[in-house]
Amino acid sequence: MKYFIFIITLFSLAAKAEFAEFSLTELSPYLPGNLIDKGKPEIKKAVVLDKEGDKEILLLKYQLPKFYLMTNLQIEKNEILDSYFRFPNNYSHDIILTLLQKKFGKQTKYYKKNNDALYWWLDKDFDGKTMDIIYHGSCSLSCFPLGLHLIGKKAIENPSNTTLYQKFNKDYPRRPQ
């Protein structure tokens, strides 16, 4: 048991050291409202998961200096409607939550189900664009991030649109009022 705790501690410290250099501004190229450049190498390598008319859902690896994020983008006519970033599980939930709270303040809504928690920030400004931010974390022996959803106003205001959050999380609540 001591060996197991030692290994978990080492992984946690390594993740915190690596993640300490991460900034939310690194997500800027894939924020809702931005236009996609289909000539970029990572977009050329993206997998189209779904396509309906002008809408596409792409899966891509977004390379950051020390790690990559699995990223889903829902686009319509090359404009990003919403984004979903999947952080590596060995990263600290506390660090990501602290970054989000420093940038956007205390969450608007908090929802907990079993060992999962959702943190909602509604109508927040992220690099000049208004969006909803949903951070999804979970805990077992330690806490870890599950994903970060960024939903643009265009996606929120269109009632016929199904966001990536809604597609990926059928058992969780919709946008709080």
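Output the residues belonging to the range 98-114 that are assigned to a helix (DSSP H, G or I) and out of contact with any helix residue (DSSP H, G or I) (no Cβ under 8 Å at 6 or more places or on another chain).
Selection gives Thr98, Gln101, Lys102, Phe104.
With the requirement that a residue be assigned to a loop (DSSP other than H, G, I, E, B) and among the β-branched types (Val, Ile, Thr), what does the range 27-61 give you?
Ile36
Looking only at residues in the range 115-130 that are out of contact with any Cys (no Cβ under 6 Å at 6 or more places or on another chain) and assigned to a loop (DSSP other than H, G, I, E, B), which one is surrounded by the most Cβ atoms within 10 Å (Cβ to Cβ)?
This residue is Asp127.
Just a yes or no: is a residue in the range 86-95 in contact with an Asp or Glu (Cβ under 9 Å, 6 or more places away or on another chain), in contact (Cβ under 8 Å) with a residue 40 or more places away in the chain, hydroxyl-bearing (Ser, Thr, Tyr) and under 22 Å from Lys55 (Cα atoms)?
The answer is no, given that none of the residues of the range 86-95 is in contact with an Asp or Glu (Cβ under 9 Å, 6 or more places away or on another chain), in contact (Cβ under 8 Å) with a residue 40 or more places away in the chain, hydroxyl-bearing (Ser, Thr, Tyr) and under 22 Å from Lys55 (Cα atoms).
Restricting to the range 47-89, and then to whatever is polar (S, T, N, Q) and surrounded by fewer than 16 Cβ atoms within 10 Å (Cβ to Cβ), can you tell me which residue is modelled with the highest pLDDT?
Checking each candidate, the answer is Asn78.
The values are calculated or read from the model by the stated rules, or taken from the named source; none is laboratory data. Just so it is clear, the model here is predicted, and its values are computed rather than measured. In this analysis, Cβ positions are derived from the backbone assuming ideal geometry, glycine residues included, and neighbour counts consider all displayed protein chains.
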